[in-house]
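Here's the structure, in structure tokens; my notes come after.
The values are calculated or read from the model by the stated rules, or taken from the named source; none is laboratory data. Note that the structure is predicted; figures quoted are calculated from it, not measured. Using ideal geometry, Cβ is built from the backbone for each residue, glycine included, and neighbour counts are taken over all protein chains shown.
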Amino acid sequence: QIDIFPILQNLGIQHINQSCSTGKHWNSSNAQEGTVIISPVDGKEIASVNFANAEDFQNTVVTAEAAFKVWRTWPAPKRGDIIRQLGDALRQNKEDLGKLVSYEMGKSLQEGYGEVQEMIDICDFAVGLSRQLYGLTMHSERPAHRMYEQWHPMGVVGIISAFNFPVAVWAWNASLALVCGNVCIWKPSEKTPLTAIACQHIIQKVFEANDVPEGTSCLLIGDRNIGELMSHDKRIGLLSATGSTRMGKAVGAAVGARLGRSLLELGGNNAIIISKDADLEMSLVGAVFGAVGTAGQRCTSTRRLIIQESVYDAFSDKLVKAYGQLKIGNPLDENIHVGPLIDKEAVKSYLGSIEKCKEEGGNFVVEGGVLEGEGYESGCYVKPCIAEAKNDYQIVQHETFAPILYLMKYKTLDEAIAMQNDVPQGLSSAIMTLNLREAEQFLSYAGSDCGIANVNIGTSGAEIGGAFGGEKETGGGRESGSDAWKAYMRRQTNTINYSDKLPLAQGIKFDL
Ligand code: UN1
């Protein structure tokens, strides 16, 4: 059991009904609309929030634009120092914020802490980056000319995040966007606004202590109406959106229609190939954690296992046994493996997918179902299940955000790679093999078509140091590490002539 109220208080959440913030300033808007936040852990009401309206949105953008004019003049390493302080503040608040993530969203406490750790890690990364926003220099074809490129901030960056990583995805985007000199407007999922309000308080304290201009980090609590306003508004130069493919298509189309920039991080349909040369014990841990961790609600969750026929029976036996050991229950209890789904709507979609899979011929070797009785009062706890299925079933081609794992058999690696790639999504993928040839083929141009391809590691649990994202219906965006920062900046090519002549490029003659 958890007493959430002291935690909310520690995190500075006193004005829950307030729906938007430009920093110090909070506004509750006079909107009648709002929502009650119910914990999927115990079904109890935590709080209610209001939704920001169009006027709140307008005011927020105006304040953000004004902040940008100041924030962009701060040297990048100084901005980095502010993000260093944000990382420190997150370290101090890790326990409370991790617990609130776990209680509001339903992921295990370990994963709640892990999520806050990802935020801390990306802050550290962004601090280093603040001294490395490198551009290249080029040799000009003209005498006494110099060419180089530099990177400038975009302006106002919009961040739309999903319930499953309610705070880390904001941090991935905001920490990079801010060191790059942008200001941010964040619309968290309406299913998890409290953790977002907590983050806004944490960053605001740091900003206030450093006189960061009002409007540098803004928060709008709202539903898809706010998302639509953000998508259509040309003052939001970059819109980073994480969520369903359906949402991403709408955002991408609206932002594309105004030729704005979007960074899309959408659904996955991630598979692990289990080769006959796999270490089966290790594969088991990777597969089970990938499939049931976060109750199957990561975009990197393992949804399909493509198993070589000679180890198929042995491996599926192991899986069935392992599923028998899973402890499902209150995610705040550290002995629990699987917590609840986010809400009853998600439970419906889980049940619907199981039905569809059965209709298409799926054979369940571990049955699913909704748990009832003591400890399961919220109605959001479901049994992780496993079905033997075919890759071309409609339901297998579709991402269901729930712990449903599909098993399929293969003979040759070519066939396995073709199956792994034959889905609309392209986020994460993995092969379990001790065979170097297989591993390299999987990683080659003829291998996995995903943004993430792992060897002897499952599909989920990516580190922040790499660029995170995927291809096809996953949206093509890259966030987090490597050079993902470039998405948050505009590139400018500069040529400087320090001669006393004006030679033209390509040798063109133009004499007056
Ligand atoms: C997501 O599910 O939205 O790789 C992101 C992982 C995490 C991030 C997942 N680091 O599972």
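Hey, can you tell me all the residues within segment 16-44 that are out of contact with any Ser or Thr (no Cβ under 8 Å at 6 or more places or on another chain) and either in a strand (DSSP E or B) or crowded, with 18+ Cβ neighbours inside 10 Å (or both)? Within segment 16-44, Ser21, Trp26 meet the criteria.
Return yes when Lys187 is surrounded by fewer than 24 Cβ atoms within 10 Å (Cβ to Cβ) and either under 14 Å from the mean Cα position of the chain (by Cα) or within 15 Å of the ligand (Cβ to nearest atom) (or both) and no when it is not.
Taking the combined requirement at face value, the residue does not satisfy it.
Among the residues of segment 292-311, some residue qualifies, meaning at least one is without any contact (Cβ under 8 Å) to a residue 60 or more places away in the chain, over 26 Å from the mean Cα position of the chain (by Cα), over 23 Å from Glu367 (Cα atoms) and more than 16 Å from the ligand (Cβ to nearest atom). If you check Glu463, Glu473 for being within 16 Å of the ligand (Cβ to nearest atom), loosely packed, with under 14 Cβ neighbours inside 10 Å and closer than 19 Å to Thr302 by Cα, only one passes: Glu463.
Select from segment 155-176 the residues that are within 16 Å of the ligand (Cβ to nearest atom) and part of a loop (DSSP other than H, G, I, E, B) and list them in ascending order.
Selection gives Ser161, Ala162, Phe163, Asn164, Phe165, Pro166, Val167.
Selection of segment 47-79 for residues being of a type in the set (Gly, Ala, Ser), over 16 Å from Val157 (Cβ atoms) and surrounded by 23 or more Cβ atoms within 10 Å (Cβ to Cβ) yields only Ala52.
When Ile13 is tested against (1) over 20 Å from Lys205 (Cα atoms); (2) outside any strand (DSSP E or B), exactly one condition is not met: (1). Glu438 fulfils the conditions (1) away from the ligand (no atom under 16 Å from the Cβ); (2) within 26 Å of Val169 (Cβ to Cβ) except for a single criterion, (2).
Looking only at residues of segment 128-154 that are part of a loop (DSSP other than H, G, I, E, B) and within 30 Å of Gln85 (Cβ to Cβ), we find that the one that is farthest from the chain's Cα centre (by Cα) is Gly135. The number of residues in segment 441-460 being hydrophobic (A, V, I, L, M, F, W, C), more than 16 Å from the ligand (Cβ to nearest atom) and assigned to a loop (DSSP other than H, G, I, E, B) comes to 1.
Residues of segment 357-384 that are free of Cβ contacts under 8 Å to residues at least 40 places away in the same chain and hydrophobic (A, V, I, L, M, F, W, C): Phe364, Val370.
Answer yes or no as to whether Glu463 is under 16 Å from the mean Cα position of the chain (by Cα), of a type in the set (Asp, Glu) and modelled with pLDDT of 95 or more.
Working: under 16 Å from the mean Cα position of the chain (by Cα): yes; of a type in the set (Asp, Glu): yes; modelled with pLDDT of 95 or more: yes.
For Glu463, the condition - under 16 Å from the mean Cα position of the chain (by Cα), of a type in the set (Asp, Glu) and modelled with pLDDT of 95 or more - is met.
Restricting attention to segment 276-299, the residues that are in contact with a strand residue (DSSP E or B) (Cβ under 6 Å, 6 or more places away or on another chain), part of a loop (DSSP other than H, G, I, E, B) and either among the aromatic types (Phe, Trp, Tyr) or buried (at least 24 other Cβ atoms within 10 Å of the Cβ) (or both) total 1. Has segment 86-107 got at least one residue that is exposed (fewer than 15 other Cβ atoms within 10 Å of the Cβ), modelled with pLDDT of 95 or more and outside any helix (DSSP H, G or I)? No; the residues of segment 86-107 include none that is exposed (fewer than 15 other Cβ atoms within 10 Å of the Cβ), modelled with pLDDT of 95 or more and outside any helix (DSSP H, G or I).
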